[in-house]
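Enquirer: Mind looking over this structure? Questions follow.
None of the figures in this text is laboratory data; all of them are computed from the coordinates on show. A quick note: this is a predicted structure, and the numbers were derived from the prediction, not measured. Don't worry about glycine lacking a Cβ; one is built from the backbone with ideal geometry, like all the others, and counts go over all protein chains shown.
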Amino acid sequence: MKSSAPGKIILFGEHAVVYNRPALAVPVNQVQVDVEILDSDSAGVWIHAPIIDLHAELSTLQPDHAIGSVILKVLSLLDTSPSSTNIQINISSTIPVASGLGSGAAVSVALIRALSSFFSNPLTDNQINELVFEIEKLHHGTPSGIDNTVITFNKPVYFIKGQPIETFTVGKPFTIVIADTGIPAPTKESVGDVRRLWLKDNNKFENIFNEIAQISLIARRSIESGKPELLGDLMDHNHSLLQQLTVSSPELDKLVLSARDAGALGAKLSGGGRGGNMIALVNQAEASQVAESLIKAGAKNTIITEIK
Ligand code: PMV
């Protein structure tokens, strides 16, 4: 039994989404997690995840182990006792870890999908989404739920915390370059810092969140109506608001400027900020040129992806 799950990237609305404003995120299918489940001759549940150098039997892992705890949760949901199960789980991934591309949520989605199908009890997307959200909460404190939603449904999502999931269609495909600063994104810290600022100067930060909400709304309409070229200015504006939230960094600002200099239509940081990724909207013909400039400006890795 095989299953996979894509990466994701936030286009608009990070941080404001924590305060119930809308955010837009899309799947990134150039990178993915693959999970394979096989019957095994050895007793127990054997996990092989070379990306994190994990080769172990489930019962030897700590109960709060990121991957082990997901497997235990699913097996208990499926009424399957781990001690009487002889399987091998192979996990591979091309999603960079801790860079805002949703690697953790993607591992959980692919694992749950593969395990529930292997035991002939495939869970629905809604069930998987809820379960992964529970798991995300254990590891990330107070996540908004955007990662698990986009990755489970593998569709662009207009996300408002606590509201029914709204996926949307892309009127005309467009190209994004994603560049990684190579600096781990301390999402918990940046979310905490924004909260402290919001508590101190509520009016100012509520206004910034409202401006970001407007951007997400207009961006969704532009994408749906086939006018993605309008996203460039919206990205620039969103980036300057994220700077005001103090979540950019010199490295992110440098990449954003160099993308614009190299011909991008707009650029912004994406995700928690302070590190992690930035994104740039480009004409397809200029994608490689912008990606090369980003590498010259210090990016450790780039991904060119078509949103469709
Ligand atoms: O760094 P990422 O891609 O996991 O995104 C974090 C997005 C925030 O809005 C800052 C936090 C959240 O939980 O939505």
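Enquirer: Calculate how many DSSP beta bridges within the chain are antiparallel, expressed in % of all such bridges and rounded to the nearest 5.
Expert: 90 percent
Enquirer: On to the next question. Taking the Cα centre of the range 1-76 as origin, work out the dipole magnitude from +1 charges on Lys and Arg Cβ and -1 charges on Asp and Glu Cβ, in debye rounded to 20.
Expert: Roughly 460 debye, rounded to the nearest 20.
Enquirer: Could you tell me which of rounded, prolate or oblate describes the chain, using a ≥ b ≥ c as the square roots of the eigenvalues of the alpha-carbon gyration tensor, with rounded for a/c under 1.5 and, failing that, prolate when a/b is larger than b/c and oblate otherwise?
Expert: prolate
Enquirer: Would you mind ranking Val109, Val33, Val194 so that the residue whose beta carbon has the fewest other beta carbons within 10 Å leads the list?
Expert: Val194, Val33, Val109
Enquirer: Would you list, by chain and number, the aspartates and glutamates whose Cα falls below 17 Å from the Cα of Lys2, excluding same-chain residues fewer than 8 positions away?
Expert: Straight-distance partners of Lys2: Asp34, Glu36, Asp39, Asp125.
Enquirer: Give Lys254/Lys296; Lys254/Lys308; Lys137/Lys268; Lys161/Lys227; Lys161/Lys308; Lys227/Lys308 a once-over and call out the pairs whose C-alpha atoms are over 18 Å from each other.
Expert: Cα-Cα > 18 Å for Lys254/Lys308; Lys137/Lys268; Lys161/Lys227; Lys161/Lys308; rest within.
Enquirer: Calculate how steeply helix 66-77 sits against the longest principal axis of the alpha-carbon atoms of the chain, using the helix alpha-carbon long axis, and give the answer as 0 to 90 degrees to the nearest 10.
Expert: 60 degrees
Enquirer: In deg cm²/dmol and to the nearest 500, what is the mean residue ellipticity at 222 nm of the chain if only DSSP H runs of at least 4 residues count, each as -39500 (n - 2.57), divided by the residue total?
Expert: So the calculated ellipticity at 222 nm is -13000 deg cm²/dmol.
Enquirer: If you don't mind, another one. Using only Cα atoms, tell me the angle between helix 231-244 and the longest principal axis of the chain; keep it within 0 to 90° and round to the nearest 10.
Expert: Its long axis makes an angle of about 90 degrees.
Enquirer: Straight-line reach from Lys300: which aspartates and glutamates have Cα under 17 Å away, leaving out those fewer than 8 places along the same chain?
Expert: List returned: Asp180, Glu251, Asp253, Glu292.
Enquirer: List the relative contact order of the chain as a percent without decimals, with contacts defined as Cα pairs under 8 Å and 6+ residues apart.
Expert: Once divided by the residue count of the chain, the mean separation gives 22 percent.
Enquirer: Now, a different point. Taking Cα atoms, how many degrees apart are the long axis of helix 187-200 and the longest axis of the chain, rounded to 10 and kept between 0 and 90?
Expert: Relative to the chain, helix 187-200 is tipped by roughly 50 degrees.
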